[in-house]
Amino acid sequence: MERSYFLDRDIVIDKQNNVYTVLTNYNPPGYIFAYLKYVYTGKGLWKGYERVLKEYGVHNLIKLKQKFIFESCYDAYFPVIFKSEVDKHLKPEEELRRLIKRSINDDLVYTLLDFIERYVRLANVGITGSLLLGSYHENSDIDIIIYGCKRSLDFIENFNGFERDQDWIISANNNYNIDFADLLYSNKRRGIYRGKRISVLFADDKPWRYCEKVCEKLGKVTFSAIISGGV
């Protein structure tokens, strides 16, 4: 049975053919937390779509020309799209199953399927980004999403890592105006495989209850922590 709820990194397309990426697993009533990523122009590298969020990061996201709503439960503004404006809901796990059935003769898709078969397996996994939208080109990144805490930890603990993606480190330094992106980089989450750039993302496989927990901003804090499990 197809799921009717929204999960992090799903894609929704509005009635004007603009493309949004879902944020978080919260499912508020009447709208979706999602940021605008592409607008349809009928031309460009992504098969008719033009990318409007050219670099990631909150400092770039808040510049988008879309609706933001203040959420008192989380004491923050979120980019949103109303459900009444949604035309299509694309789900990563369903598109991956379709790609497998199609047996597409495509180097990018072949690299994706080869990596999943070798290192991820097909349970609780999907694809997002331009592969989910169907707007990819030969130099597109591959964005894989693994659902569930156990499956995600299994991958992290057993995968030895990608070839290092030095271009990502340079890009992150420039985007965030920092000089320590190499310290934040993990080759278990992103890197080069068979000449293609791959990112592995993780998400809960269940929707979260809206406003079940309340957050309040405290300002800048300093704290020490121990990561459970030593991961």
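All told, residue 93 falls short of being over 28 Å from residue 2 (Cβ atoms) and out of contact with any helix residue (DSSP H, G or I) (no Cβ under 8 Å at 6 or more places or on another chain). Pairing residues of the stretch 16-39 that are on the phi < 0 side of the Ramachandran plot and open to solvent by 30 Å² or more (accessible area, probe 1.4 Å) with residues that are of a type outside the set (Ser, Thr, Tyr) and part of a loop (DSSP other than H, G, I, E, B), at Cβ distances under 7 Å and at least 6 apart in sequence or on separate chains, gives 23/8; 27/6; 27/207; 39/18; 39/52. For the residues 129, 134, 148, the requirement of being on the phi > 0 side of the Ramachandran plot, surrounded by fewer than 16 Cβ atoms within 10 Å (Cβ to Cβ) and of a type outside the set (Val, Ile, Thr) singles out 134. Picking from 116, 145, which residue would you name as being among the hydrophobic types (A, V, I, L, M, F, W, C) and over 15 Å from the mean Cα position of the chain (by Cα)? Of the residues listed, the single one that is among the hydrophobic types (A, V, I, L, M, F, W, C) and over 15 Å from the mean Cα position of the chain (by Cα) is 116. Of all residues in the stretch 167-190, those satisfying the criterion of being outside any loop (DSSP other than H, G, I, E, B) and either in contact (Cβ under 8 Å) with a residue 60 or more places away in the chain or open to solvent by less than 90 Å² (accessible area, probe 1.4 Å) (or both) are 168, 169, 170, 171, 172, 173, 175, 176, 181, 182, 190.
None of 140, 84 is of a type in the set (S, T, N, Q), modelled with pLDDT of 90 or more and either in contact with a helix residue (DSSP H, G or I) (Cβ under 6 Å, 6 or more places away or on another chain) or not in a helix (DSSP H, G or I) (or both) except 140.
Scanning the stretch 50-81 for residues that are among the aromatic types (Phe, Trp, Tyr) and either part of a loop (DSSP other than H, G, I, E, B) or modelled with pLDDT under 90 (or both) turns up 56, 74. Here residue 198 fulfils each of the conditions (1) over 24 Å from residue 21 (Cα atoms); (2) within 15 Å of the chain's Cα centre (by Cα) apart from (1).
The values are calculated or read from the model by the stated rules, or taken from the named source; none is laboratory data. Predicted model only: the values in this text are computed from it and were never measured. For neighbour counting, all protein chains shown are included, and Cβ atoms are generated from backbone atoms with ideal geometry for every residue, glycine included. Side chains included, ligands, DNA and RNA excluded: accessible areas come from the protein's heavy atoms. Shrake-Rupley method; radii C 1.70, N 1.55, O 1.52, S 1.80 Å.
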